[in-house]
1. Name the residue that is surrounded by the most Cβ atoms within 10 Å (Cβ to Cβ), counting only residues in region 106-115 that are assigned to a strand (DSSP E or B) and touching a residue at least 24 places away in the same chain (Cβ under 8 Å).
2. Hey, residue 19 hits all of (1) surrounded by 13 or more Cβ atoms within 10 Å (Cβ to Cβ); (2) over 22 Å from residue 121 (Cβ atoms); (3) within 12 Å of the chain's Cα centre (by Cα) but one; which does it fall short on?
3. Filter region 56-105 down to residues that are in a loop (DSSP other than H, G, I, E, B) and modelled with pLDDT of 95 or more and give me whichever is surrounded by the most Cβ atoms within 10 Å (Cβ to Cβ).
4. Working carefully through the options 51, 42, find the one that is under 16 Å from residue 119 (Cβ atoms), surrounded by fewer than 17 Cβ atoms within 10 Å (Cβ to Cβ) and modelled with pLDDT of 95 or more.
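The values are calculated or read from the model by the stated rules, or taken from the named source; none is laboratory data. Quantities reported herein were computed from a predicted structural model and do not represent experimental measurements. Heads up, the Cβs are rebuilt from the backbone with ideal geometry, glycines too, and the neighbour counts pull from every protein chain shown.
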Amino acid sequence: MATDVLETAVLERWNACGYYQLVGMRVERADAEGSLFQIMITPEHTQLYGTAHGGILSGMLDAAMALALLAKMPLDEGCATIEMKANFTAPGNPGELVGTGAVLSMGRRIAVARADIHDGDGRLVASSQGTFMRFKTGDA
């Protein structure tokens, strides 16, 4: 992104997305180094056993990967998840979770990224790798 003003405007646009607001997920950073997300797990995010539902974690992993890619793409391009694999390695207990995303490969049409989610103690809660299709935003 060219300037701090542009980066701020783009972050505000991403954080205004309906899904992010619905689940309380917030993009803290998306730049050439990758992406950083946070979410506060509350009872509304949990499943029967009182820990974060896998759908919440999967949504965060997907978003962290996509935003890491979008931060490296021209503003007139978007990306869509083609496939994604997630590993859940520890319970996402109530409290803050932090997700990070990174680009592994950026091709002309296909990109690959990875993401991790850690809890407040630094424990790995989930990780993923995904494949994304790049497109011009007018083509979506």
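1. Top of the filtered list is 113.
2. Only one criterion in (1) surrounded by 13 or more Cβ atoms within 10 Å (Cβ to Cβ); (2) over 22 Å from residue 121 (Cβ atoms); (3) within 12 Å of the chain's Cα centre (by Cα) is unmet by residue 19, namely (1).
3. 92
4. 42
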